[in-house]
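This report refers to the structure that appears directly beneath it.
Just so it is clear, none of the values below were taken in a lab; they were calculated from the coordinates. In this text, all values refer to a predicted model and were calculated from it rather than measured experimentally. Cβ sites come from the backbone with ideal geometry, for glycine too, and all protein chains shown count toward neighbours.
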Amino acid sequence: MNKYLEIAGNAYYGYADYLLSEIMYPSWKNYFWWLVGLSLLVWLAEIIFPWRQGQARIRKDFWLDVFYMFFNFFLFSLIVYNAVSNVAVEAFNDLLAWFGVENLVAIEIGSWPRWAQMMVLFVVADFIQWNVHRMLHRIPALWEYHKLHHSVEEMGFAAHLRFHWMETIIYKSVQYIPLAMIGFGLDDFFLVYLFTIAIGHLNHANLKITYGPLKYILNTPTMHIWHHAKHLPEGKFGVNYGLTLSVWDYLFGTAYIPKEGRDEPLGFEGMESYPKNFWRQISYPFSGRKKD
């Protein structure tokens, strides 16, 4: 137990120092300021080239979404995630050792070229996320968390990171074992991270982007708007589950773009009773007072 408490304490203080350093000392490999820079760039594009001309530059719930962006990417890690995840990983490794398993690596790619390692991580991680995303829609208990992301009524870049903190735990937990079984030789997948954040921002932005034939590979705002549509095709739990890649939806029959969705109403049935402020939203799945 003392070992786990020490790991939690080191993770907490280590991340606090890291976050302070990120904010105080900008650099080219700085997650905090890259997030700020990408956000401002996409927001500027929304202002100059808006798809929905009548949507305000400071759209509905804009500042709430901006808060979620920083909370989910930085504050949540500081408050709990980093410490809990480090303890969980150590406990999992101890469990494996108890069964005599010392190394999960099944595929060693440490000797592969850097670009190949990055590509494998990107594709495998995205496919896992696509499947988790489907489960967030299909399993009622998980949908209660995912409703938060779908409570967006006007799309904009910051809606990308409006989601419940429990989703981080779900995604990372499901990803951990498959990725641990691949022997990545890189400690730093910075470019992959930036690429996925940029595409995610664009998918939620008030922009009309189609990418031409690449739309069958990369997700687009004109595709993702239908994922957030309030009215789904009959019998469907959801459509267009892709986070960065759209190819999974085309391969597995969940792609859906019936027409231009610029003015399509967003949300979910019964969202009129969904909470409107941060604290009530993050406590909603635990409240036991759900009305919809």
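Summary of computed values
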read-out: Residues whose placed amide H lies under 5 Å from that of Leu245, excluding near-sequence neighbours; value: Asn219
read-out: Rg(Cα)/(2.2 N^0.38 Å) for the stretch 172-292, N = residue count; value: 1.28
read-out: Inter-site label distance for Leu251 and Leu191 at 7 Å from Cα along Cβ, in nm; value: 2.2 nm
read-out: Label-point separation, Arg114 to Tyr176 (7 Å along Cα→Cβ), nm; value: 3.0 nm
